[in-house]
Amino acid sequence: MNHIIRDTTVLTMNDRNEILERTDVVIENGIIAKIGPKAGETADNANIIDGSGKLVMPGLINCHCHVPMTLLRNYADDMDLQTWLFDHIFPVEDRLNEDDVYWGTLLGIMEMLSTGTTCFADMYYFMDSIASAVESSGIRAQLSRGQTCNEPGSDFSGNQAMKESEEFVRKWNGAADGRITAAMAPHAIYTCSPSYIQAIAEKAGKLGVPIHVHLDETVREHEDSLGTYGKTPAAHLYDLGLFDHKTIAAHCVCITVEDMALMKEKGVSVIHCPASNLKLASGIAPIPEAISAGLNVCIGTDGASSNNNLNMWEDMYLASIIHKGSKRDPKLITAAETLRMATVNGAKALGMSCVGSIREGNKADLIMVDLEKPHLKPMHNLCSALVYSAQGSDVCMTMVDGRILYQDGEFKTIDREKVDYHLEKVCKRLFE
Ligand code: NI
């Protein structure tokens, strides 16, 4: 179906962050066909959407998630990362099956769509279930099977995760009309041996897919790496050749100026996960420094178990204010910069040049925000309003590939009651 959004405000997120007023946006065959005043006056057979009092902007891109972890939301909190992960999260994850992951994923996708996320990058397992949920829901995603193996060796062809990862790439890369792309994901340097990381890098090269990895999330990871390898986690991965492939690196809390130079050389994107880093007390990533070093910085929520939601607006808010506070410099990370991280920078990180901004010819991955809310008035500055005042619940419409997936509280592709029904059953089995 074609759509015309009439008489609306558009935040383009083009190079000048241009804002267009009282304009129409015409969406044809999944593409933003025309933008301009009265551009949608003559089109017929289109769904007309009244855009007055609303904002059209690019859908948000969540670059680091473990979406089925919605199942573990508020299950284990207020403890350090190692205890949280090894004593609480991993034991429940051992009991997960593909059905659990499917319903947990749909729940996460509902949350993302209702808060304006149109694309997410995910690392988990039971990837067929996640891909199926992405396919049926209509959202866009870069998916990867997280791999862990601390054994040394030279031949990992018999390794289960490696096999699943390769099968996943072959089966799903480019599926769902191109909405699904695949990556390979060595979980982290503390869960993967050097030779395993090298084997994954080699395989990614052969399959022609990018890399998604956790990098330098905690002081402990950083210091263990210095102790074991005599170098930082980033230098370790650089030397292993992982960064020779297009890479997105989550967290980067402890990266050094030297690491930033290595990452810049290889075009590695930094995924800032402020809520997760603060909640797990990992620290504050040197994002202003990373931006000064010329690195592409995007934003991720991480899983719902360390955040505890998948609402990008909260992470945008934190991304913009924590550096000001910790560095005592209110000029750091402006609202406009933050919006770029959550949109165009995310698209760049994931190699998706046709989303992330509102421009003619781009795929219609866009959202509408209700600007008539009391907490958004008066509208002195749109970017400030979006980053410092807006809430995820201000999103009133979410569209991917020109298809409306969420509008005014309703999910168009997901049966909410069915998800709730299965969720209850899944949780009963997992936690009782
Ligand atoms: Ni993570």
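The values are calculated or read from the model by the stated rules, or taken from the named source; none is laboratory data. If you're wondering where the values come from, they're calculated on a predicted model, not measured in any experiment. Cβ: placed from backbone, ideal geometry, glycine included. Neighbour counts: every protein chain shown. These area figures cover heavy atoms from the full protein model, side chains too; ligands, DNA and RNA do not enter into them. Shrake-Rupley method; radii C 1.70, N 1.55, O 1.52, S 1.80 Å.
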Are there any pairs, at least 6 apart or on different chains, whose C-beta atoms fall under 6 Å, with the first in the range 32-51 and exposed (fewer than 12 other Cβ atoms within 10 Å of the Cβ) and the second assigned to a loop (DSSP other than H, G, I, E, B), and if so, which?
47/1
Quick one: in the range 245-262, of everything that is closer than 24 Å to residue 141 by Cβ and more than 14 Å from the ligand (Cβ to nearest atom), which residue is least open to solvent (accessible area, probe 1.4 Å)?
247
Residue that is farthest from the ligand (Cβ to nearest atom), among those in the range 221-244 that are assigned to a loop (DSSP other than H, G, I, E, B) and surrounded by fewer than 19 Cβ atoms within 10 Å (Cβ to Cβ)
230
Is the range 40-58 home to any residue that is of a type in the set (Ser, Thr, Tyr), outside the structural domain of residue 98 (by TED's automatic domain parsing) and more than 25 Å from residue 298 (Cα to Cα)?
yes
Could you give me the residue pairs with C-beta distances under 8 Å whose first residue belongs to the range 269-282 and is in the same structural domain as residue 77 (by TED's automatic domain parsing), whose second residue is within 12 Å of the ligand (Cβ to nearest atom) and charged (D, E, K, R) wherever it lies, and which are 6+ apart or on separate chains?
273/302; 275/302; 276/302; 277/217; 282/217
Quick one: would you say residue 185 is touching a Ser or Thr at 6+ places or on another chain (Cβ under 8 Å) and of a type in the set (A, V, I, L, M, F, W, C)?
yes
Just checking, which of 296, 277, 309 is farther than 19 Å from residue 66 by Cβ and either under 15 Å from the mean Cα position of the chain (by Cα) or within 16 Å of the ligand (Cβ to nearest atom) (or both)?
296
Can you confirm whether residue 244 is among the charged types (D, E, K, R) and touching a Ser or Thr at 6+ places or on another chain (Cβ under 8 Å)?
no
Checking 400, 395, 387 in turn, the sole residue that is more than 21 Å from residue 50 (Cα to Cα), among the aliphatic types (A, V, I, L, M), crowded, with 18+ Cβ neighbours inside 10 Å and not assigned by TED's automatic domain parsing to the domain that holds residue 104 turns out to be 387
Looking at the range 270-277, is at least one residue open to solvent by less than 10 Å² (accessible area, probe 1.4 Å) and over 18 Å from residue 123 (Cβ atoms)?
yes
When you go through (1) open to solvent by 70 Å² or more (accessible area, probe 1.4 Å); (2) in a loop (DSSP other than H, G, I, E, B) one by one for residue 421, which number turns out not to apply?
(2)
Output the residues belonging to the range 190-220 that are touching an Asp or Glu at 6+ places or on another chain (Cβ under 9 Å), open to solvent by 10 Å² or more (accessible area, probe 1.4 Å) and among the aliphatic types (A, V, I, L, M).
199, 207
When you scan the range 53-147 for helices (runs of 4 or more DSSP H) that lie fully inside it, which ones turn up with 1 or more residues that are crowded, with 23+ Cβ neighbours inside 10 Å and hydrophobic (A, V, I, L, M, F, W, C)?
98-114, 127-137
Touching a residue at least 12 places away in the same chain (Cβ under 8 Å) and over 14 Å from the mean Cα position of the chain (by Cα), is that true of residue 326?
yes
Selection from the range 94-108 of residues in contact (Cβ under 8 Å) with a residue 12 or more places away in the chain and of a type in the set (Asp, Glu) yields 98, 99, 100
